[in-house]
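What follows draws every value from the coordinates through simple rules; no lab data is involved. Everything numeric here is computed off the predicted structure, so don't read it as measured data. All Cβ positions, glycine included, derive from the backbone under ideal geometry; neighbour counts span all protein chains shown.
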Amino acid sequence: MEVVPLAGAQQVATLAADVVEGVVRRRPDAVLGLATGSTPLPTYAELIRRHRDGTGPGYGRVRCFNLDEYVGLPAGHPESYRATIARELTDALGIPASRVHGPDPSPDRLATAGERYEAALQEAGGVDVQILGIGTDGHLAFNEPGSSLASLTRIKTLTEQTREDNARFFGSVEEVPQHVLTQGLGTILRARHLLLIATGEGKAEALAAAVEGPLSASCPASVLQLHPHVTVLADDGAAKLLARRDHYREVYDAKPAWQGL
Ligand code: F6R
């Protein structure tokens, strides 16, 4: 795992955008794994800015797979993750909705939604780079503490803490759905490169547990320790409790230029 402590959220966004663009340049039909929430928004804004400037890669052949989706929202709800990703990223990059996939929360098809999504991911050849955020309780996608480290896409129940954290996107905590469909931790581990971004002090405890704590279902993001290619980009606040923070920075500063992230 490579941890890169950075001064601020904009540096995180710049480097994260470099990683995503690098993947698309190397493989124009890349499969991008997308997260929602607040953390990736500066990265998405940076990708859009570069695309508009004409300095970004072509996204014409890219396919996208969202990490998760709320269950129980009316179709087209602005806070559904399908609508959020279109609004915050893919529409502006010119990626048509037909190339952006998410778990299907249709009430009458929920029982098979997980296996259908796994099949779609497999058919696409897997995810080249998966953008990830981390929950204050250590969740990854919507795999809450206690989730199987080998889990696949399925329906899950959000913790009260996550619903409170996400209430800012809705009118109140009561409006945050209780259920979600989420890629499992085992699904996430199949992506070829995992790019975790964490900003703000509120993530410091969860990030330290994920990166330096024991591998445990009690901290779902600790599953990253099992993957051969993980990049963690963290700003000062999020990196605050990392015991080896100075060493991570030394390693990054001493990296040969050809190595990349
Ligand atoms: C979103 C997701 C979640 C978020 C996490 C952090 O698709 O899967 O795991 O990444 O809840 O959310 P923010 O970035 O809003 O703090």
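Relative contact order for segment 2-253 using alpha-carbon pairs under 8 Å, separation at least 6, rounded to a whole percent?
It comes to 24 percent, rounded to a whole number.
Just from the alpha-carbon atoms, what are the Rg and Dmax of segment 100-147 in angstroms?
Computed over the Cα atoms of segment 100-147, radius of gyration and Dmax are 12.9, 33 Å.
Provide the gained length on full extension for the span Glu212 to Ala150, in nm with one decimal, where the gain is 0.36 nm per separating residue minus the Cα-Cα distance.
Here the answer is 20.3 nm.
If packing is taken as the average number of other Cβ atoms within 10 Å across a peptide's residues, how do 231-241, 56-66 rank, most packed first?
Ranked by mean Cβ neighbours within 10 Å, highest first: 231-241, 56-66.
With r defined as the distance between the Cβ atoms of Trp258 and Arg87 and R0 fixed at 35 Å, what FRET efficiency is calculated, to the nearest 0.05?
On the way: r = 37 Å, r/R0 = 1.07.
The formula returns an efficiency of 0.40 here.
Residue by residue through segment 173-178, which ³J(HN,Hα) values in whole Hz follow from phi under the Karplus form 6.51 cos²θ - 1.76 cosθ + 1.60 (θ = phi - 60°), with glycine and proline marked x?
Ordered by residue, 3J(HN,Hα) equals 5, 4, 7, 6, x, 7 Hz.
Could you give the length gained by full extension between Ser98 and Val251, i.e. 0.36 nm per residue of separation minus their alpha carbon distance, to one decimal place?
Answer, rounded to one decimal: 51.0 nm.
Which of Asp68, Asp29 has the fewest other C-beta atoms within 10 Å, and how do the rest follow up to the most? All intermediate terms of the calculation are to be shown ahead of the outcome.
Values: Asp68 23, Asp29 13.
Final ranking by Cβ density, sparse to dense: Asp29, Asp68.
Normalised by the residues of segment 75-123, what does the relative contact order come to in percent, with Cα pairs under 8 Å and at least six apart?
21 percent
For the chain, modelled as a Gaussian network with Cα springs under 10 Å, which listed residue fluctuates most, Ser98, Ser147, Ser38?
Fluctuation is largest for Ser98.
Calculate one ³J(HN,Hα) per residue across segment 227-244 by plugging θ = phi - 60° into the Karplus curve 6.51 cos²θ - 1.76 cosθ + 1.60, and present them in order as whole Hz with x for glycine and proline.
Here the 3J(HN,Hα) series is 8, x, 9, 10, 10, 10, 10, 9, 7, 3, x, 5, 8, 3, 9, 6, 5, 9 Hz.
What fraction of the DSSP beta bridges in the chain is antiparallel, stated in percent and rounded to the nearest 5?
Beta bridges within the chain, antiparallel portion: roughly 30 percent.
Once the cut-off is 20 Å, how many percent of the Cα-Cα pairs in segment 41-120 end up in the long-distance tail?
Roughly 37 percent, rounded to a whole number.
Label Glu2 and Arg116 with points 7 Å out from Cα along Cα→Cβ: what is the distance between them in nm?
It works out to 3.8 nm between the two label points.
So if R0 is 25 Å, what FRET efficiency would Asp53 and Asp29 give, r being the distance between their Cβ atoms, rounded to the nearest 0.05?
According to the calculation, E is roughly 0.60.
Report the Rg/Rh value for segment 180-261, based on alpha-carbon coordinates and the Kirkwood definition of Rh.
Working: Rg = 13.4 Å, Rh = 13.7 Å.
For segment 180-261, the value is 0.98.
Tell me, what is the percent relative contact order of segment 24-156, built from C-alpha pairs under 8 Å that lie six or more residues apart?
30 percent
Could you give the Stokes-Einstein D for segment 90-223 in µm² per second, using the C-alpha Kirkwood radius, 37 °C, 0.692 mPa s?
207 µm²/s
Find the Rg to Rh ratio for the chain, where Rh is the Kirkwood radius over alpha-carbon pairs and Rg uses the same atoms.
Checking Rg against Rh, the ratio lands at 0.94.
Test of understanding: ordering Ser106, Ser222 by Cβ neighbours within 10 Å, fewest first, what list do you get?
Neighbour counts put them in this order, fewest first: Ser106, Ser222.
What order do you get for 18-25, 43-50, 126-133 when each peptide is scored by the mean count of other beta carbon atoms within 10 Å, highest first?
The peptides rank, most packed first, as 126-133, 43-50, 18-25.
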